[in-house]
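See below for the structure under consideration.
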Amino acid sequence: MERKDITQQVVETPSDQALSTDLTQITTEIKSYQSIAGQSIFEIGRRLKWVKENDLVHGKYGEWLSSMKIDQTFANRAVKIVNELSSNSATSPNLTVNVLYEIATLPEEERQKLHRLESGEEKTPDEMTVRELRELKKQLKAKDDQHAEEQAALKN
C-alpha cells in the first residue's frame, strides 16, 4: 500500500487560540488528527523496523531508541503492527496504536471476521475497543484450550 506524505496536513492550533464551538467542526478536526496519528504509527514502525534490521551494530538499537526518547514497548508494538497489518488495507490506519497492536496479535484468520462479544454485540476487530479485543482474545484462547482438551481426550 502506498502511503502519502501526511506532514503537510498537520496544523497546530496555538494554545491561546479558542477552539470552534461547532461540534461538527470539532468532530471533523479530531477525526483528521486520528487519521494522521494512525498513519504515523505505520510510518514510524516501518522506519524502526528498517533501522533495527539494517543500520545498527547488534546491541545498539536500544541505545538509539533511548537517544530518540522512544519507549522499547512502543517500538516493539509499532514494528509488530507493520509486520502484521501494513499489507492489510482493510485495517484502518485511523485506529490507535493500542487497538492496532491488539489486532496485530490476533490470529490472522480472526482479524476480518465478525465476532459476538459477551454483550451480544457483533463486531469486527477494527470496530472494537481495546477492552473488547482483549475479551475476544480470551474467548479465542478458551475455545483453543477446549479444543486441545477434546483432542487429548480423543487420544486417550
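Checking the structure you have, find out if any residue of the range 110-123 is loosely packed, with under 10 Cβ neighbours inside 10 Å, of a type in the set (Asp, Glu) and under 23 Å from Phe42 (Cα atoms).
Taking every residue of the range 110-123 in turn, none turns out to be loosely packed, with under 10 Cβ neighbours inside 10 Å, of a type in the set (Asp, Glu) and under 23 Å from Phe42 (Cα atoms).
Report whether or not Val99 is modelled with pLDDT under 90, more than 13 Å from the chain's Cα centre (by Cα) and of a type in the set (A, V, I, L, M, F, W, C).
No, not satisfied.
Provide a single number: the residues in the range 116-153 that are hydrophobic (A, V, I, L, M, F, W, C) and either under 24 Å from Arg77 (Cα atoms) or touching a residue at least 40 places away in the same chain (Cβ under 8 Å) (or both).
Residues flagged as hydrophobic (A, V, I, L, M, F, W, C) and either under 24 Å from Arg77 (Cα atoms) or touching a residue at least 40 places away in the same chain (Cβ under 8 Å) (or both) within the range 116-153 amount to 5.
Would you check which residues across the range 97-115 are over 13 Å from Glu132 (Cβ atoms), among the polar types (S, T, N, Q) and in contact (Cβ under 8 Å) with a residue 24 or more places away in the chain and list them?
Once the filter is applied, which keeps residues that are over 13 Å from Glu132 (Cβ atoms), among the polar types (S, T, N, Q) and in contact (Cβ under 8 Å) with a residue 24 or more places away in the chain, the range 97-115 yields only Thr105.
The values are calculated or read from the model by the stated rules, or taken from the named source; none is laboratory data. Please read these numbers as outputs of a predicted model, since none were measured by experiment. Don't worry about glycine lacking a Cβ; one is built from the backbone with ideal geometry, like all the others, and counts go over all protein chains shown.
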